[in-house]
Amino acid sequence: MTAVRLAAVDVGASSGRVMLARVEPGMLELTEAHRFRNEPVRVAGTLHWDVLALHRGVLEGLRAAGPVAGIGIDTWAVDYGLLDATGALLGNPVHYRDGRTEGVSDRVAKQLGPERLYATTGLQHLPFNTLYQLAAAAGTPQLEAAHRLLLIPDLIAYWLTGEVGAEVTNASTTQLYDLRRRAWATDLMTDAGIRSELFPPLREPGTRIGPVLPALDLPGSPDVVAVGSHDTASAVVGVPAADRHFAYISCGTWSLVGVELDAPVLSEPSRRANFTNESGVDGTIRYLRNVMGLWPLQESLRTWGTTDLTALLRQAAEEPAFRSVVDPDDPTFLPPGDMPARIADACRRAGGPVPDSPAATVRCILDSLALAHRRAVRQAQRLSGRHVDAVHVVGGGARNDLLCQLTADACELPVLAGPVEATALGNALVQARALGVIGGDLASLRSVLRQTQQIVRYEPRGDTAAWRAAARRLGRDD
């Protein structure tokens, strides 16, 4: 059988890329066709995504990839574009890190009831969820004029095909999706003062959305296929697990830490622990916590004006462990800005030593992130009842040897790192199955990854008592 060529469009918070996948039974090769920057723009005090530049980057990437049979699109979650009655975009989408939602989530949660919100949507309380963004936008001319709301990957698919819809793995992140009914939570929308007619029909991963518009003049006239359009959903498909007893950490700007389940966990302890239940491919549930991830490290590198991360990691490995630790989920670290100064201030407020060099700051970030991984993995097991034998780290964090080893040490479990491109691989695998190139369930798709992708194993080592003591310094349950 001739290998099929597929384009996996993967747009993250700092960059986008179009990856070319060659797939046939027992073979999966991935090469980068094009990469482009994703730089937000602040206009009149509001932080926006430059979504038109992203669209241009996608088109340039698809032309660079050449003829393909299918295109799948995944991006980050929660953000959206508004269309008028003619299908025109009403302004650039607002960035989830913009300050417009400050204080809104507490007000809306109090109005609707946090217990009701969790019982319906299963989502953790994050101040930038789509529900709170729409509440913040209430009464604005843009929202009043809107005819349709499309989440970012659905907006890109619309510009490629002219078809509107909402893929369920991303829809489930809005806090406006009824997880048990697998439908939009229209009653919740009504009570929140949000027009339910804004939201398009839902579609499942593996659905063929439609052919690319002829006017775009893309090579091969491919079909666009709905994949796990929330990048974490595609990344979890890309976890090369041999059985169900695994935890995953999709580690990039954010660390998404959790387990894969057959049914949501909607208990009160789960709500209080701020765990989220998001739809996955094939009806699975991604039961996870959002951890701040590598964002503090990325912002620190930007502040220092350095790109030599390799040297910094080597120096950080020589720094004393746990000299300084912070809670990476502190809201202080959410906005862009001078991250090293914020970390120093957090250490100072906690009464601990302040990092005195870039290497010490990096070690503080990675020790703190490993502690957050430890907490989330342990809580996921306890709250879900799913026993874990290993932790799979996928995404950009899989390249960070120091973080992977620290995570194995902190979790007291083997860490299997890779593939780095799990999101694009998961995207391509769902496309390939939809187009009949390969078959089977998620276990079958993952077996292809184990045959074709490099995985690095890290065994836990070091002083477990020291990790417990560091966790107690942050007031965390162990």
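Values quoted throughout were computed directly from the atomic coordinates according to the rules given, and no laboratory measurement underlies them. Please read these numbers as outputs of a predicted model, since none were measured by experiment. Neighbour counts run over all protein chains shown; Cβ positions are idealised from the backbone, glycine included.
Observations on the structure shown:
- Plainly put, region 249-394 has a radius of gyration that is 1.02 times its Kirkwood radius, both from alpha-carbon atoms, as the Rg/Rh ratio.
- Taken over the alpha carbons of region 188-271 as equal point scatterers, the Debye sum produces base-10 log I(q)/I(0) values at 0.11, 0.17, 0.25, 0.27 Å⁻¹ of -0.57, -1.05, -1.18, -1.23.
- Vicinal HN-Hα couplings computed from phi for region 353-364 (Karplus, 6.51 cos²θ - 1.76 cosθ + 1.60; Hz; Gly/Pro x): x, 9, x, 10, 7, x, 4, 5, 5, 4, 5, 4
- Using the alpha-carbon positions of region 1-136, Rg (one decimal) and Dmax (whole number) come out as 18.8, 58 Å.
- Sites ARG208 and LYS110 - FRET efficiency at Förster radius 35 Å, r taken between beta-carbons, to 0.05: 0.25
- Separation of alpha-carbon centers, region 148-172 and region 246-311, rounded to whole Å: 23 Å
- Three principal axis extents describe the C-alpha atoms of region 342-412; from largest down they are 40, 26, 18 Å.
- Residue-span extension gain [ALA317 to ARG195] - 0.36 nm each, minus C-alpha spacing: 38.7 nm
- Note on ARG35 and GLU459: the model spin-label points, each 7 Å out from Cα along the C-beta direction, lie 3.4 nm apart.
- For region 18-32, the Karplus equation 6.51 cos²θ - 1.76 cosθ + 1.60, evaluated at θ = phi - 60°, returns couplings of 10, 9, 9, 10, 10, 10, 7, x, x, 9, 8, 10, 9, 9, 8 Hz by residue, with Gly and Pro reported as x.
- Dipole moment magnitude, nearest 20 debye, region 84-163 about Cα centre, only Lys, Arg, Asp, Glu C-beta charged: 200 debye
- Helix-only mean residue ellipticity at 222 nm for the chain, each DSSP H run of n ≥ 4 adding -39500 (n - 2.57), per residue, nearest 500: -11000 deg cm²/dmol
- The relative contact order of the chain, computed from alpha carbon pairs under 8 Å that lie at least 6 residues apart in sequence, is 16 percent.
- When the alpha-carbon atoms of region 121-228 are used, the pair Rg, Dmax equals 15.1, 47 angstrom.
- The 3J(HN,Hα) values that the Karplus relation (6.51, -1.76, 1.60; θ = phi - 60°) gives for region 146-154 are, in residue order, 5, 9, 9, 10, 10, 5, 4, x, 6 Hz. Gly and Pro appear as x.
- At q = 0.13 Å⁻¹, base-10 log of I(q)/I(0) for region 317-445 (Debye sum, equal scatterers on each alpha carbon): -0.69
- Alpha carbon convex hull of the chain, volume per residue in cubic angstrom: 134 Å³
- Here the dipole of the chain is about 600 debye; that uses its Cα centre as origin and unit charges on the Cβ of Lys and Arg (positive) and Asp and Glu (negative).
- For the chain, share of DSSP beta bridges that run antiparallel, in % to the nearest 5: 75 percent
- Amide H partners (placed H, <5 Å) of GLY238, local residues excluded: GLY426
- Summing charges over neighbours of THR121, with a neighbour being any other residue whose Cβ is under 14 Å away from its Cβ, gives +1 when K and R count +1 and D and E count -1.
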